[in-house]
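Undergrad: Sharing a structure below in C-alpha cells format, with a few things to ask.
Laboratory data are not the source of any read-out in this text; all were calculated from the coordinates shown. Only a predicted model underlies this, so the values are computations on that prediction, with no experimental measurement involved. Here the Cβ is made from the backbone with ideal geometry for all residues, glycine too, and neighbour counts use every protein chain on show.
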Amino acid sequence: MTEQKNSDATPENLGFEVFGFIARPVHEVYEAVADPAQLSEYFTTGGAKGRLDAAGSTAEWDFADFPGAFPVTVLEAEQDRLISIRWGAAPGTSVDEAGTIVDFSFSPADDGARTRLAIREHAWKITADGAEAAFGNCMGWTGMLSALKVWLEHGIRLREGFYR
C-alpha cells in the first residue's frame with residue numbers, strides 16, 4: 001500500500017496526516033466514526049449528536065475537557081471509504097473562516113481483517129497561530145486514533161479522565 005500525501009498542503013495551506021491500523025473490518029471502523037453513539041464512547045467526552053454519513057448534514061461534537069459544542073458539517077461521505085468534514089478553528093488560524101477540513105479515509109488491510117484509518121486535516125494558515133492550532137489538532141487526532149483502536153479492539157474508554 002502506498003502512503004497518501006497531503007496534496008492540498010501548499011505554502012498558504014498547512015496540513016498534516018496521521019494514520020493507524022485497527023484490527024476490525026472497514027465497516028466497523030467507519031461506523032465507529034460516523035455513529036454519534038459510538039463516537040461519544042471513545043472520543044467526544046461531552047457527547048456527539050448527528051451522523052456523519054451524508055453530504056450537507058450537520059453534527060455536533062462536545063468535549064468536556066474543552067467546553068462548548070463544535071458544529072461539524074459533512075462535506076462528503078462514501079460508506080466505508082471516506083468521511084470529509086469541516087469544523088471551526090480559532091479566529092485567524094484557518095485559510096477559510098468557516099474552519100478546517102478533516103478527511104477520514106478508510107482502507108482495508110490484511111485481506112480485510114484490519115483497517116487503515118488516515119485522518120488528514122488541512123486549511124491552516126502558515127502563521128504562528130495557525131501552526132500552533134494545527135499541531136494541537138494533530139495531537140488530538142492521534143489521540144482519537146489511539147482511543148478508537150482500544151475502544152474497538154478492547155472496549156476500553158481511553159480518554160475517560162485523560163484531559164481532566
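Undergrad: Only one of these conditions is not met by residue 134: (1) in contact with a strand residue (DSSP E or B) (Cβ under 7 Å, 6 or more places away or on another chain); (2) outside any strand (DSSP E or B); (3) free of Cβ contacts under 8 Å to residues at least 40 places away in the same chain. Which number is it?
TA: The one condition residue 134 does not meet is (3).
Undergrad: Same structure, new question: Collect the residues in segment 108-135 that are hydroxyl-bearing (Ser, Thr, Tyr) and crowded, with 18+ Cβ neighbours inside 10 Å, keeping them in residue-number order.
TA: Passing the criteria: only 115.
Undergrad: Where residues in segment 91-121 are hydrophobic (A, V, I, L, M, F, W, C) and outside any strand (DSSP E or B), which of them is farthest from the chain's Cα centre (by Cα)?
TA: Only one residue fits best here, namely 113.
Undergrad: Anything in segment 35-58 that is over 14 Å from residue 145 (Cα atoms) and touching a residue at least 24 places away in the same chain (Cβ under 8 Å)? List them, or say none.
TA: 45, 52, 53 - these are the residues of segment 35-58 that are over 14 Å from residue 145 (Cα atoms) and touching a residue at least 24 places away in the same chain (Cβ under 8 Å).
Undergrad: Taking segment 127-154 as the search range and keeping residues that are in contact with a Ser or Thr (Cβ under 7 Å, 6 or more places away or on another chain) and not hydrophobic (A, V, I, L, M, F, W, C), which one is nearest to residue 18 (Cα to Cα)?
TA: 130
Undergrad: Follow-up. Would you kindly identify the strands (runs of 3 or more DSSP E) lying entirely within segment 48-90 that contain at least 3 residues that are surrounded by fewer than 18 Cβ atoms within 10 Å (Cβ to Cβ) and not hydrophobic (A, V, I, L, M, F, W, C)?
TA: Answer list for segment 48-90: 58-63, 66-78.
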